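What follows is calculated from the coordinates using simple rules that are stated; it is not laboratory data. This structure is a prediction, so every number in the text was calculated from the model and none was measured. Here the Cβ positions follow ideal geometry from the backbone for every residue, glycine too, while neighbour counts run over all protein chains shown.
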Amino acid sequence: MALPLFPTQEVGSLRKPLWLVEGLRGQSPSRAAKEELRRWARALPAVLQEGDLSGLTQEITASRDPQRLRDQGALFLLRYLEAAGLDLVYDGEARRVEMYEYPIRQMEGFRFLGHVRSFDNKYYLKAASVGPVGLKAPYHVDEFRYVREHAHRPVKVPVTGAYTLADWSWNEHYLKRRPGWRGPKVRRAAQRDLVVALARNALRPTLKALTDAGAELIQVDEPAGGTHPGETDLLVEAFNESTRGLPGRFVMHVCFSDYRSLFPGLLEARRCSQFLLEFANRDTPEHPGFEELRLFAEHNDGREVGVGVLDVHQDRVETAPEVEDRLLRAARILGDPSKVYANPDCGLRTRSLDVAWAKLGALVEGARRARKVLS
């Protein structure tokens with residue numbers, strides 16, 4: 001997989017286009033949805049007229065087949081990321097309802113109990129572990145095959161990690177198996193039981209199915225990884241157990257955390273070749289947030305770091321010089337520019353497609369400028 005210096009990548013989901021959301025609800029495309037599609041057809045003419053997406057406007061307007069709509073959504077967002085110029089692409093998780101609910105629905109031993117608030121006005125459907133964790137069938141495999149068949153760039157598959165799936169669930173089954181007073185030590189032991197069961201019985205079979213299908217690069221998403229600093233060993237054990245003995249490259253995404261609290265235990269994630277971390281959200285003119293990169297240099301770790309150079313929490317579009325400066329700063333701290341990848345802090349689904357497009361344009365141009373400086 002030949003990539004340039006400072007390879008550019010997305011690290012999460014994109015906002016679904018309005019025509020896809022309405023279509024999956026069984027609605028005919030609204031005037032706003034049609035206009036959105038027409039605008040992007042004008043913005044990306046070379047992409048939308050290349051054959052596989054020709055006539056997309058008319059076809060979407062007439063389509064009532066949910067599977068076909070999902071295919072169209074995946075293809076549209078895949079081409080969107082390729083046209084933005086990213087070096088590593090996927091489909092913006094166009095088929096996924098949510099990063100927790102979908103994988104849990106593919107498993108045995110869980111029961112959904114209702115919606116809980118995650119942040120702002122966002123909610124997710126939360127489940128309880130009520131029996132031994134099992135897997136109905138490996139998931140994301142057909143999704144990956146579709147992307148690989150249609151992609152023009154190298155592909156990276158995102159998968160929600162076992163630690164986060166456990167942390168976002170109620171742990172009833174494994175806690176009940178622990179006798180006596182269920183104090184902090186017992187609860188932690190029960191949580192480890194759930195984490196390991198998810199890693200062994202659900203994540204690893206799914207990752208194996210993906211690598212068997214040809215996936216060469218898999219991103220394990222652990223947004224809960226930094227929320228409990230005393231559980232870094234569980235985070236690492238989940239990653240190691242999920243990837244044990246499998247071919248291919250595996251990377252870990254941990255966002256919005258005090259990374260100092262994860263060191264040095266995080267480095268025990270043996271199969272992890274790259275850590276994708278958030279920095280733009282904490283950046284100021286003094287760049288104190290970037291100081292946490294020194295942890296990798298101080299421990300002489302030598303692995304790649306996906307440096308977050310786009311803030312996904314605001315509409316302000318970074319400039320290419322800002323991105324360039326952040327990448328060069330990261331390269332100086334790590335001591336090796338070949339270890340630096342360029343990405344947003346997290347998924348851009350909180351931003352409109354227009355804002356995300358502008359931000360990704362700055363990402364690509366900033367990386368190009370940084371390469372030029374070092375060439």
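Under 28 Å between alpha carbons, and skipping anything fewer than 8 positions from K359 in its own chain: which lysines qualify?
K16, K34, K122, K156, K339, K372
Using R₀ = 51 Å, calculate the FRET efficiency as 1/(1 + (r/R₀)^6) where r is the Cβ-Cβ separation of K176 and R260; round to 0.05.
For K176 and R260, the calculated efficiency is 0.90.
Below 12 angstrom from the Cβ of V317, what's the summed charge of the other residues (Lys, Arg +1; Asp, Glu -1)?
Residues close to V317 contribute a combined charge of -3.
What is the sum of charges, Lys and Arg at +1 and Asp and Glu at -1, for the other residues whose Cβ falls under 11 Å from the Cβ of S375?
Details: positive: R368, R369, R371, K372; negative: none.
Summing Lys/Arg as +1 and Asp/Glu as -1 gives +4.
Sort largest first and round to whole Å: the equivalent ellipsoid semi-axes of the chain, each the square root of five times a Cα gyration tensor eigenvalue. All intermediate terms of the calculation are to be shown ahead of the outcome.
Values: eigenvalues 207, 159, 66 Å².
Semi-axes from the Cα gyration tensor: 32, 28, 18 Å.
G245: net charge of surrounding residues, Cβ under 14 Å, Lys/Arg +1, Asp/Glu -1, itself excluded?
Result for the neighbourhood of G245: +4.
With the cut-off at 1.5 for a/c, could you classify segment 176-290 from its C-alpha gyration tensor as rounded, prolate or oblate?
The shape class here is oblate.
Picking from V364, Y100, G302, whose Cα lies most toward the positive end of the charge dipole for the chain (charges on Cβ: Lys, Arg +1; Asp, Glu -1)?
About the Cα centre, the residue reaching furthest to the positive side is Y100.
So how strong a dipole does segment 263-337 carry about its Cα centre when Lys and Arg Cβ are +1 and Asp and Glu Cβ are -1, to the nearest 20 debye? Mind dumping the intermediate values first?
Details: 9 positive and 16 negative charges, 60 e Å.
Roughly 280 debye for segment 263-337.
To the nearest 20 debye, what is the magnitude of the charge dipole of segment 228-375 about its Cα centre, counting +1 on the Cβ of each Lys and Arg and -1 on the Cβ of each Asp and Glu?
620
For S118 and Q67, what is the calculated FRET efficiency with R₀ set at 25 Å and r taken between the beta-carbons, to the nearest 0.05?
Calculated transfer efficiency: 0.35.
Report the gain in length on full extension from S273 to D212: 0.36 nm times residue separation, minus Cα-Cα distance, nm rounded to one decimal.
So the extension gain works out to 20.0 nm.
Report the label-to-label distance for R38 and Q314 in nanometres (one decimal), using points 7 Å from each Cα along the Cα→Cβ vector.
Between R38 and Q314, the simple spin-label model gives 3.5 nm.
Which FRET efficiency, nearest 0.05, do R294 and K185 yield, Cβ-Cβ r, R0 25 Å?
Efficiency for this residue pair is about 0.15.
To the nearest 20 Debye, how big is the dipole of segment 86-374 about its Cα centre, given +1 on the beta carbon of each Lys and Arg and -1 on that of each Asp and Glu?
It comes to approximately 920 debye.
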